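> This is the structure I want to talk about, given as structure tokens.
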Amino acid sequence: MKIVAIVTDIEGTTSSSGFAHNVLYPYALKQIGNFIREHHEERDVMRVLVRIGDRAGIPLHNTEGFVKLLQQWIREDRDDVDLKLLQGMVWERAYKQGLFQSHVYADVPEVLQQWQNRECNLYTFSSASVKAQQLYFRFSDFGDMRLLFSGYFDTSMGAKRDVQTYANIAQAIALDPEAILFISDDKDELDAAEAAGMNTTWVIRSQDTSLDPERVRQKTSHPVVTSFEQIELA
């Protein structure tokens, strides 16, 4: 079946995982306290805090309780949807102030454009919130890349290593899973996508991992590449 949609992971795949771990997460950890103190009464922030408070047993007026908990979650790299929403809000201010640009590997933009020209619909799937993904590609070091993508998926679709998540994504795109290619640097994510019926490609970036592509190829059913230029859609 012809591939008509491509879903790509971001961290370690289109972009260096080092940018998230060395820039984005430390910035969120440093700024989350002041952000909550300054904006906790705003509607969008309050809605998130109410949900977190209900789960963690923190009353809405306990601002410092939220700050302490959120800082702990960031240190733990907690994969929590509400935390990701707040981090996205913090990063938005930094992007708009020009404090940093998001990293994208040089081989990615041109290949994405080629796929779009071939009438493939492009999507991202990340543990970061949809808003954070949109910001990431809006303020990339290759400029605003948002027009390349037809949509964005986050873990509101399900956990990244669950088979059902990829079935949910296929349903949201309204395509048979066999018509979708999923690209990632994570074996467990690729295994889940493959089990859901999607085509897969494993991207191994030497800057992000010590894995040997040749050895990996001998042990996996997933096609293995070291750049987007090597990905085949046939």
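Nothing in this text is a laboratory measurement; each read-out follows from the coordinates by a stated rule. For clarity, every value in this text was computed on a predicted model and none was experimentally measured. Here Cβ is always computed from backbone atoms with ideal geometry, including for glycine, and neighbour counts include all displayed protein chains.
> Which condition breaks for Glu194 when tested against (1) part of a helix (DSSP H, G or I); (2) in contact with a Gly (Cβ under 9 Å, 6 or more places away or on another chain); (3) in contact (Cβ under 8 Å) with a residue 24 or more places away in the chain?
The one condition Glu194 does not meet is (2).
> State whether one or more residues within region 180-191 are more than 20 Å from Thr226 (Cα to Cα) and among the acidic types (Asp, Glu).
Looking for residues that are more than 20 Å from Thr226 (Cα to Cα) and among the acidic types (Asp, Glu), one finds none in region 180-191, hence no.
> Only residues that are farther than 26 Å from Ile10 by Cα and within 24 Å of the chain's Cα centre (by Cα): list them for region 20-45, please.
Gly33, Ile36
> If I filter region 80-101 for residues that are farther than 26 Å from Ile10 by Cβ and either free of Cβ contacts under 8 Å to residues at least 12 places away in the same chain or among the aromatic types (Phe, Trp, Tyr) (or both), do I get at least one hit?
No, region 80-101 contains no residue that is farther than 26 Å from Ile10 by Cβ and either free of Cβ contacts under 8 Å to residues at least 12 places away in the same chain or among the aromatic types (Phe, Trp, Tyr) (or both).
> Which of the residues spanning region 36-51 are assigned to a helix (DSSP H, G or I) and without any contact (Cβ under 8 Å) to a residue 12 or more places away in the chain? Before the answer, list the steps.
To start, the set of residues in region 36-51 that are assigned to a helix (DSSP H, G or I) comprises 36-39, 43-51.
Passing the criteria: Glu38, Arg43, Arg47, Val50.
> Please pick out the residue among Gly98, Gly88, Gly143, Gly158 that is of a type outside the set (Phe, Trp, Tyr), on the phi > 0 side of the Ramachandran plot and within 14 Å of the chain's Cα centre (by Cα).
Unique residue meeting the criteria: Gly158.
> Oh, and also: Report yes if some residue within region 156-172 is assigned to a strand (DSSP E or B) and farther than 21 Å from Asp79 by Cβ; otherwise report no.
Within region 156-172, none of the residues are assigned to a strand (DSSP E or B) and farther than 21 Å from Asp79 by Cβ.
> When region 169-180 is examined, which residues are found to be of a type in the set (A, V, I, L, M), more than 16 Å from the chain's Cα centre (by Cα) and either buried (at least 22 other Cβ atoms within 10 Å of the Cβ) or under 21 Å from Ser156 (Cβ atoms) (or both)?
Of everything in region 169-180, those that are of a type in the set (A, V, I, L, M), more than 16 Å from the chain's Cα centre (by Cα) and either buried (at least 22 other Cβ atoms within 10 Å of the Cβ) or under 21 Å from Ser156 (Cβ atoms) (or both) turn out to be Ala170, Ala172, Ile173, Ala174, Leu175, Ile180.
> Residues being more than 18 Å from Ala5 (Cα to Cα), of a type in the set (Gly, Ala, Ser) and free of Cβ contacts under 8 Å to residues at least 60 places away in the same chain: count how many of those fall in region 197-234.
Total satisfying the criteria: 3.
> Working only within region 198-234, note down all residues that are in a loop (DSSP other than H, G, I, E, B) and crowded, with 16+ Cβ neighbours inside 10 Å.
Scanning region 198-234 gives Met198, Ile204, Arg205, Asp208, His222, Pro223, Ile231.
> From the list Ile183, Ile204, Ile173, Ile169, exactly one residue is of a type in the set (Val, Ile, Thr) and farther than 19 Å from Trp115 by Cβ. Which is it? Show your work before the answer.
Working: Ile183 fails: farther than 19 Å from Trp115 by Cβ; Ile173 fails: farther than 19 Å from Trp115 by Cβ; Ile169 fails: farther than 19 Å from Trp115 by Cβ.
Unique residue meeting the criteria: Ile204.
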